[in-house]
Amino acid sequence: MTTLTRNYISEISKSQGKSVTISGFVQSQRNLGKLAFLTVRDASGNIQCVIDSPDLLEASQSLLPETPVRLEGELVESPNGKGGQEIVV
């Protein structure tokens, strides 16, 4: 049996440059053609996620606010992201 480990958004800040997995709810979504930006929220805070994969871009277009999501990607520094970090999915 596989056990899923939960990472709260407020706890991942020290994992910069590493792969992280978060679960939460879509707070907002912006699609800019070749990029999409999701703000994902959990009980501890929120973070911006950047989607640049063509397959995931198409899937992300159907995400509405409050849609539950589980995302995996690399935590990177972002001068424009809230909290100075974002996840590249």
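The values are calculated or read from the model by the stated rules, or taken from the named source; none is laboratory data. In this text, all values refer to a predicted model and were calculated from it rather than measured experimentally. Here the Cβ positions follow ideal geometry from the backbone for every residue, glycine too, while neighbour counts run over all protein chains shown.
Numbers at a glance
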item	result
Filtered residue count, segment 74-89, keeping only those that are in a strand (DSSP E or B) and more than 13 Å from the chain's Cα centre (by Cα)	1
Some residue of segment 31-41 being more than 9 Å from the chain's Cα centre (by Cα), loosely packed, with under 13 Cβ neighbours inside 10 Å and polar (S, T, N, Q)	no
Conditions (1) modelled with pLDDT of 95 or more; (2) in contact with a Leu (Cβ under 9 Å, 6 or more places away or on another chain): number failed by Glu66	(2)
Residue list for segment 1-30, filter: assigned to a strand (DSSP E or B) and touching a residue at least 24 places away in the same chain (Cβ under 8 Å)	Ser19, Val20, Thr21, Ile22, Ser23, Gly24, Phe25, Val26, Gln27, Ser28, Gln29
Val88 being crowded, with 16+ Cβ neighbours inside 10 Å, modelled with pLDDT of 95 or more, β-branched (Val, Ile, Thr) and out of contact with any helix residue (DSSP H, G or I) (no Cβ under 8 Å at 6 or more places or on another chain)	no
Segment 8-30: number of residues that are more than 11 Å from the chain's Cα centre (by Cα) and crowded, with 17+ Cβ neighbours inside 10 Å	1
Complete set of residues in segment 42-73 that are over 9 Å from the mean Cα position of the chain (by Cα) and not in a loop (DSSP other than H, G, I, E, B)	Asp42, Gly45, Pro54, Asp55, Leu56, Leu57, Glu58, Ala59, Ser60, Pro68
Matching residues, segment 31-72, being farther than 15 Å from Ile87 by Cα, free of Cβ contacts under 8 Å to residues at least 24 places away in the same chain and of a type outside the set (S, T, N, Q)	Leu32, Gly33, Lys34, Pro54, Asp55, Glu58, Ala59
